[in-house]
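Asks: First the structure, then my questions, so here it is.
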Amino acid sequence: MSAVDEKNIAFWNELCGTLLATQLGIKDSSAASLKRGLDLYIKCIK
């Protein structure tokens, strides 16, 4: 498999929003973390 193929696979395996969650300090899927992410999302779309 080529390096390009491996990078493509890694890109598509990354969940949408993972980078933003990481930047916001959300590191797990606990109720508190999910609430924090949702609260920030709602604040941004208003």
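Asks: Given labels modelled 7 Å from the Cα in the Cβ direction, how far is it in nm from residue 16 to residue 42?
Replies: Result: 2.1 nm between the two label points.
Asks: Hull surface divided by four, with the convex hull built on the Cα atoms of the chain: how many nm²?
Replies: Values: hull surface 16.3 nm².
Spelled out: convex hull of the Cα atoms, projected over all directions, averaged, 4.1 nm².
Asks: Ok, one more. What number of lysine-lysine pairs in the chain show an alpha-carbon separation below 24 angstrom, given a sequence spacing of 8 or more or placement on distinct chains? Kindly include the intermediate steps, with their values, before the conclusion.
Replies: Numbers: 7/27; 27/35; 27/43; 35/43; 35/46.
Close lysine pairs found across the chain: 5.
Asks: Which net charge results for the neighbourhood of residue 27, defined as the other residues with beta-carbon distances under 15 angstrom from its beta-carbon, given Lys and Arg at +1 and Asp and Glu at -1?
Replies: Working: positive: 35, 36; negative: 28.
For residues surrounding residue 27, the net value is +1.
Asks: A follow-up question, please. Short version: ³J(HN,Hα) in whole Hz for each residue of segment 25-30, in order, from phi by Karplus 6.51 cos²θ - 1.76 cosθ + 1.60 (θ = phi - 60°), x for Gly and Pro, what are they?
Replies: x, 8, 10, 8, 10, 5
Asks: Report the gain in length on full extension from residue 7 to residue 23: 0.36 nm times residue separation, minus Cα-Cα distance, nm rounded to one decimal. Numbers along the way, then the final one.
Replies: Numbers: separation 16, 0.36 × 16 = 5.76 nm, distance 2.14 nm.
This chain segment gains 3.6 nm when fully extended.
All of the numbers you see were taken from the coordinates with simple rules; none came from a lab. The structure presented is a predicted model; accordingly, all values stated were derived computationally and were not measured. With ideal geometry, Cβ positions are generated from the backbone for all residues, glycine too; neighbour counts draw on all protein chains shown.
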